[in-house]
There are 2 protein chains.
Amino acid sequence: MNWLDAIQWDRDGLVPVIAQEAGSKDVLMFAFMNREALAETASSGRAVYWSRSRQRLWRKGEQSGHVQQVLGIRLDCDNDVILLEVAQLGHDPAQASIACHTGRHSCFFHKLEDGRWNSVEPVLKDPEAIYK
Amino acid sequence: MNWLDAIQWDRDGLVPVIAQEAGSKDVLMFAFMNREALAETASSGRAVYWSRSRQRLWRKGEQSGHVQQVLGIRLDCDNDVILLEVAQLGHDPAQASIACHTGRHSCFFHKLEDGRWNSVEPVLKDPEAIYK
């Protein structure tokens, strides 16, 4: 059996994907893949997602240069969620890596504190400079 | 504005949630919350999910004892994914914690190796003994 057939794709033919950074173990982002995206991710060793807003394959880093090298691919107990172990590339090596389109390290930069969402991670690079 | 109103709930009124263990930083599981589940999670300090299969609130650990104490709640850049920082409780303290209903530490125990999904984490406790 093809390993892709083991996956329980959702009603839209997608599977949710968590990208975790190797080393820091920070959770960087969350996105979706369709079958084609996951197949290419595995064969190329670079993360390829399915953009729901643009309805097309999204080769992470194609615009920003913030490519994700894939070091490991895991599947959960229900066969319906993927966990990617990635090396986040393309950033200034003197700083933390940048996975988020806002220019931050991680997409999970809002923290609930005293009933409010506070932004707790710095912008490492101006998005205007990322998406020229 | 209520902090719950900032969240972009999906068409089913749910938000995907990643639970990451404090300390180890292991990604333990992935589930969904509705508004009521997230509100109770924040107020009680224990993870409460929405079970899509049972269509009811699922207070993690209610059967297994494997309760998740919530140490932090984060929201992503698009306001549509939650990242929980948890302490996974209820296990034999001489072993790793147990988050998965299969009796494993993490739900992400299938690893893609040479085109096959291999189970790479041990069962720490027999599910028959967990769900008596």
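Would the protein assembly as shown count as rounded, prolate or oblate if I go by the C-alpha gyration tensor, calling it rounded below 1.5 in a/c and otherwise prolate when a/b exceeds b/c, oblate otherwise? Here the protein assembly as shown falls in the oblate category. Cut-off 10 angstrom, C-alpha nodes, Gaussian network model of chain A. Which of A:H91, A:H66, A:H110 fluctuates the most? Highest fluctuation of the listed residues: A:H110. Largest mean-square fluctuation among A:I73, A:I82, A:I98, in a Gaussian network model of chain A whose springs join Cα atoms under 10 Å apart, belongs to A:I73. Think of the stretch A:23-97 as having a plus end and a minus end, set by charges on the Cβ of Lys, Arg, Asp and Glu; of A:W58, A:M29, A:L89, A:W58 sits farthest toward the positive end of this dipole.
Which aspartates and glutamates, if any, have their Cα less than 20 Å from the Cα of A:K60, not counting same-chain residues under 8 positions apart? Result set, ordered by chain and number: A:E21, A:D26, A:E36, A:E40, A:E85, A:D92, A:D126, A:E128, B:D76, B:D78, B:D80. Assuming charge only on the beta carbon of Lys and Arg (+1) and of Asp and Glu (-1), the dipole of the stretch B:1-59 about its Cα centre is about 220 debye to the nearest 20. Under 1.5 on a/c is rounded, so check that first for the stretch A:51-115, then, if it is not, pick prolate when a/b is larger than b/c and oblate when it is not; a ≥ b ≥ c are the square roots of the alpha carbon gyration tensor eigenvalues. Since a/c stays below 1.5, the shape of the stretch A:51-115 is classed as rounded.
On full extension, the segment bounded by A:R52 and A:R11 gains 13.4 nm, given 0.36 nm per residue less the C-alpha separation. What separates the A:K25 label point from its copies, with the point 7 Å along Cα to Cβ, is 0.7 nm, written shortest first. Charged neighbours of B:T102, selected by a Cβ distance under 12 Å, balance to -3 (K, R count +1; D, E count -1). Sorted ascending by nearby beta carbons within 10 Å, beginning with the fewest, A:F108, B:F30 become B:F30, A:F108. Please give the net charge around A:L83, taking every other residue with its beta carbon less than 11 angstrom from that of A:L83, where Lys and Arg add +1 and Asp and Glu add -1. Value of the local net charge: -1.
Summing charges over neighbours of B:V48, with a neighbour being any other residue whose Cβ is under 12 Å away from its Cβ, gives +2 when K and R count +1 and D and E count -1.
The 3J(HN,Hα) values that the Karplus relation (6.51, -1.76, 1.60; θ = phi - 60°) gives for the stretch A:99-115 are, in residue order, 10, 8, 5, 7, x, 9, 4, 10, 6, 8, 9, 8, 10, 7, 9, 6, x Hz. Gly and Pro appear as x. Of B:R59, A:R116, the sequence from fewest to most neighbouring Cβ atoms within 10 angstrom is A:R116, B:R59.
When the label point is put 7 Å from the Cα of B:E40 along its Cα-to-beta-carbon vector, which residues of the stretch B:65-104 have a backbone N closer than 14 Å? Within reach of a label on B:E40, which here means backbone N under 14 Å from a point 7 Å along Cα→Cβ, the stretch B:65-104 contributes B:68. Extension gain for the segment A:N2 to A:V123, taken as residue separation times 0.36 nm less the Cα-Cα distance, is 39.4 nm to one decimal. Ranking B:G45, A:C77, A:I98 by how far each Cα lies toward the positive end of the dipole of the protein assembly as shown (charges on Cβ) leaves A:C77 at the top.
Under a Gaussian network description of chain B, with springs only between Cα atoms under 10 Å, the residue in B:G65, B:G115, B:G103 that fluctuates furthest is B:G115. Taking only Cα atoms, what is the 0 to 90° angle, nearest 10, from helix A:35-44's long axis to the longest principal axis of chain A? With both axes taken from Cα atoms, the answer is about 70 degrees.
For the rotational copies B and A, the chain B residue with its Cβ nearest the relating axis, together with that separation in Å, is B:K25, 2. Counting from the shortest, the label point at B:Q95, 7 Å from Cα toward Cβ, is 4.5 nm from the same position in each remaining copy.
Values in this text are rule-based calculations from the coordinates and carry no lab data. For clarity, every value in this text was computed on a predicted model and none was experimentally measured. Note that each Cβ is placed from the backbone with ideal geometry, even for glycine, and that neighbours are counted across all protein chains shown.
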